[in-house]
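What follows is a single structure, written as structure tokens, with notes after it.
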Amino acid sequence: MVCLSGGMDSTVCASLAARDYDAYALHFSYGQRTEGRELDSARMVAQTLDFRDFLHLKIDLFRHIGGSALTDSNIAVPKAPEHQPIGQAIPVTYVPFRNAHFLSAAVSWAEVLGARTIFIGAVEQDSSGYPDCRPAYYQAFQQLIRTGTREGDIEISTPLIHLRKSQIVAFGLELGAPFNLTWSCYSDAEEACGECDSCVLRLRAFDEVGTPDPIPYAMRTR
């Protein structure tokens, strides 16, 4: 099973899972600014990779809770910093404890299906600095699964967590990941802004690999 956002990292995970397993996709609409565009991307990726099933879940609690630029229209999505590294501090695009909700639903569905592995495209290096993308977070959640599920044998796989973004792009190209179908922008759904953390990290990665990013951008200045 893959937690498939439709972004670059989850699509590389999906390509890896489709290569090695009969794969199922789980996608969440949680009130994020680009939820419609992300859903379209996730569906197309799952179809292209011939996934066995695609489950779309809607979660409205994050929009009610607020506190994140991704789910609260009163908080602007910031531009990536020009003169300091991205990810040095937890940004306003962090959605509080989001991945725990995603993983909980994934584990529930995995128990029903009999799935043994859950892929999630968490990345610690070259990331926006989210605390729920750290290896220790997934180690702790793994223990929760062992003690709180019927068989305790479902494994969380984070194959990208120690990779740099350029390494993820290179790995995805090796796997034949459909990057042209993906969407990573935090703020726009027609053309990626090219200025938010996610866009800038992605553009830098493709540039380092020497391959053009195939999705449309309003700006490609960094």
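The values are calculated or read from the model by the stated rules, or taken from the named source; none is laboratory data. The model shown is predicted, which means the values in this text are computed figures rather than measured ones. Heads up, the Cβs are rebuilt from the backbone with ideal geometry, glycines too, and the neighbour counts pull from every protein chain shown. Surface areas here come from the heavy atoms of the whole protein model, side chains and all, with no ligands, DNA or RNA. Shrake-Rupley method; radii C 1.70, N 1.55, O 1.52, S 1.80 Å.
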Given the criterion open to solvent by 20 Å² or more (accessible area, probe 1.4 Å), in contact (Cβ under 8 Å) with a residue 12 or more places away in the chain and of a type outside the set (S, T, N, Q), identify the matching residue among Ala136, Ala170. Ala170
Every residue in the range 167-194 that is more than 17 Å from Leu16 (Cβ to Cβ) and in contact with a Phe, Trp or Tyr (Cβ under 9 Å, 6 or more places away or on another chain), please. Cys185, Ala189, Glu191, Ala192, Cys193, Gly194
If you go through the range 44-57 one residue at a time, do you hit one that is out of contact with any Ser or Thr (no Cβ under 8 Å at 6 or more places or on another chain), outside any helix (DSSP H, G or I), at pLDDT 95 or above and aromatic (Phe, Trp, Tyr)? yes
Residue in the range 173-192 that is most open to solvent (accessible area, probe 1.4 Å), counting only those that are in contact (Cβ under 8 Å) with a residue 12 or more places away in the chain and part of a helix (DSSP H, G or I): Asn180
I'm told Thr158 meets every condition in (1) open to solvent by 30 Å² or more (accessible area, probe 1.4 Å); (2) more than 30 Å from Gly114 (Cα to Cα); (3) at pLDDT 95 or above; (4) not hydrophobic (A, V, I, L, M, F, W, C) except one. Can you identify the failing condition by its number? (2)
Positions within the range 116-132 being surrounded by 18 or more Cβ atoms within 10 Å (Cβ to Cβ) and in a loop (DSSP other than H, G, I, E, B), in sequence order: Gly121, Ala122, Val123, Glu124, Asp126, Ser127, Ser128, Tyr130
Quick test of your reading of the structure: Asp213 fulfils all but one of (1) of a type outside the set (S, T, N, Q); (2) surrounded by fewer than 16 Cβ atoms within 10 Å (Cβ to Cβ); (3) in a loop (DSSP other than H, G, I, E, B). Name the failing condition by number. (2)
With the condition kept exactly as written, say whether any residue in the range 94-112 is assigned to a strand (DSSP E or B), within 22 Å of Thr149 (Cα to Cα) and among the hydrophobic types (A, V, I, L, M, F, W, C). no
Those residues of the range 32-51 which are under 24 Å from Leu61 (Cα atoms) and either open to solvent by less than 10 Å² (accessible area, probe 1.4 Å) or acidic (Asp, Glu) (or both) amount to Gln32, Thr34, Glu35, Glu38, Asp40, Ser41, Ala42
Do we have any residue at all in the range 36-43 that's of a type in the set (Lys, Arg) and assigned to a loop (DSSP other than H, G, I, E, B)? no
Whether any residue in the range 140-148 is aliphatic (A, V, I, L, M), in contact with an Asp or Glu (Cβ under 7 Å, 6 or more places away or on another chain) and not in a loop (DSSP other than H, G, I, E, B) is what I want to check. no
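Yes or no, residue by residue, for (1) out of contact with any Lys or Arg (no Cβ under 9 Å at 6 or more places or on another chain); (2) small (Gly, Ala, Ser); (3) closer than 22 Å to Leu70 by Cα:
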| residue | (1), (2), (3) |
| --- | --- |
| Phe119 | yes, no, no |
| Glu124 | no, no, yes |
| Pro135 | yes, no, no |
| Phe141 | yes, no, no |
| Gly148 | yes, yes, no |
| Val169 | no, no, no |
| Leu175 | no, no, no |
| Ala192 | no, yes, yes |
| Asp197 | no, no, yes |
